[in-house]
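Derivation of every value follows stated rules applied to the coordinates shown; laboratory data play no part. All figures in this text were calculated on a predicted structure; none of them were measured in a lab. For neighbour counting, all protein chains shown are included, and Cβ atoms are generated from backbone atoms with ideal geometry for every residue, glycine included.
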Amino acid sequence: MSTSNLFKMTILGAPGSGKGTISSRIVRDFGLKHLSVGDLLRAQVMRKTELGLLAQDYMSSGGLVPDNIVVNLVCGELNSLSDVKTGWLLDGFPRTKPQAEALQLQHQLNSVVSLEVPHAVIVDRIKGRWVHLPSGRVYNTEFNPPQKPGFDDETGEPLIQRPDDQPEAVAQRLLNYERNTEPLIKYYKNLGILQQFHGTESNKIWPFVKEHLATCIDFKK
Ligand code: G5P
Ligand code: MG
């Protein structure tokens with residue numbers, strides 16, 4: 001299939017707004033290929049690649065990795081995708097207007113979903129987050145706890161808390177989001193492809209996201 005027939009979307013939202021949680025449901029119900037930029041970066045950090053060593057300090061302090069590095073990483077991944085049948089879903093990219101413009105030059109998105117969750121709700125959630133680093137699977141001690149506390153359901157491997165989930169880094173990440181989000185939202189509003197979903201619980205937001213995507217993803221492909 002030529003890439004122009006693929007459904008191309010991104011999910012935006014503050015740190016902890018539920019991008020990963022909603023993405024896993026989109027993958028389950030619509031079969032899109034999921035690319036989480038945070039997961040891609042964490043994999044590079046874990047493997048101690050040149051890019052990982054460069055990104056590490058920005059990430060652990062809650063800062064943004066420079067645009068050119070992230071754009072090259074994402075566009076490289078998108079251009080090397082194979083066996084994608086329906087389309088792809090970016091999670092956490094773009095985060096700045098220059099990233100959005102660089103993406104637009106190579107790939108025109110069909111839909112941009114933005115999760116609008118109050119920051120006070122987010123701060124509480126992040127305290128209880130545990131992740132399985134190799135797969136990116138995310139748990140929460142209250143919302144979706146693992147079957148055995150501290151261990152991944154599928155592999156039985158230990159879960160960790162992300163270094164950037166420390167309160168100071170979370171505050172920095174939320175601040176960055178505030179700073180960058182307005183021009184980004186405006187950019188996609190002007191393109192006419194933005195859909196915003198407000199709420200405090202992923203389970204209540206999800207049916208609306210699903211309904212929206214069902215109207216725009218062509219299952220006949
Ligand atoms: P990431 O990894 O993309 P963030 O900060 O954008 O990190 P994050 O933290 O991964 O986003 P999320 O995916 O939006 O959050 O949220 P989630 O993991 O699904 O949910 C958060 C927690 O809440 C989980 O424990 C989940 O189980 C729980 N939860 C979900 N819904 C509910 C609910 O309804 N109720 C309750 N109680 N709990 C719920 O990026 C990391 C870093 O990488 C760099 C940056 O340094 C960034 O900080 N980076 C980039 N840098 C530059 N440009 C880019 N484009 C970059 N992308 C990443
Ligand atoms: Mg995430």
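Can you tell me the relative contact order of region 133-204? Whole percent, Cα pairs under 8 Å, sequence separation 6 or more.
Details: 20 pairs, mean separation 9.4, N = 72.
Result for region 133-204 is 13 percent.
I'd like the antiparallel share, as a percent to the nearest 5, of DSSP beta bridges with both residues in the chain.
Values: 7 of 26 bridges.
Roughly 25 percent of the beta bridges in the chain run antiparallel, per DSSP.
Compute the Rg to Rh ratio over region 3-220 from the alpha carbon atoms, using the Kirkwood formula for Rh, and round to two decimal places. Mind dumping the intermediate values first?
Working: Rg = 16.6 Å, Rh = 17.8 Å.
Ratio of gyration radius to Kirkwood radius for region 3-220: 0.93.
Could you tell me which residue out of CYS75, THR21, LEU213 lies farthest along the dipole of region 3-220 toward its positive end? Charges go on the beta carbon: Lys and Arg +1, Asp and Glu -1, centred on the Cα centre.
Among CYS75, THR21, LEU213, the one farthest towards the positive end of the dipole of region 3-220 is LEU213.
If you place +1 on the Cβ of every Lys and Arg, -1 on the Cβ of every Asp and Glu, and leave all else neutral, what size is the dipole of region 3-220 about its Cα centre, to the nearest 20 Debye?
Working: 24 positive and 24 negative charges, 62 e Å.
So the dipole magnitude of region 3-220 works out to roughly 300 debye.
About its Cα centre, how strong a charge dipole does region 143-221 have in debye, to the nearest 20, once Lys and Arg get +1 and Asp and Glu get -1 at the Cβ?
Values: 10 positive and 12 negative charges, 100 e Å.
Dipole size: approximately 480 debye.
Relative contact order for region 3-220 using alpha-carbon pairs under 8 Å, separation at least 6, rounded to a whole percent? Before the final figure, lay out each step's value.
Details: 293 pairs, mean separation 65.1, N = 218.
Computed over region 3-220, the figure is 30 percent.
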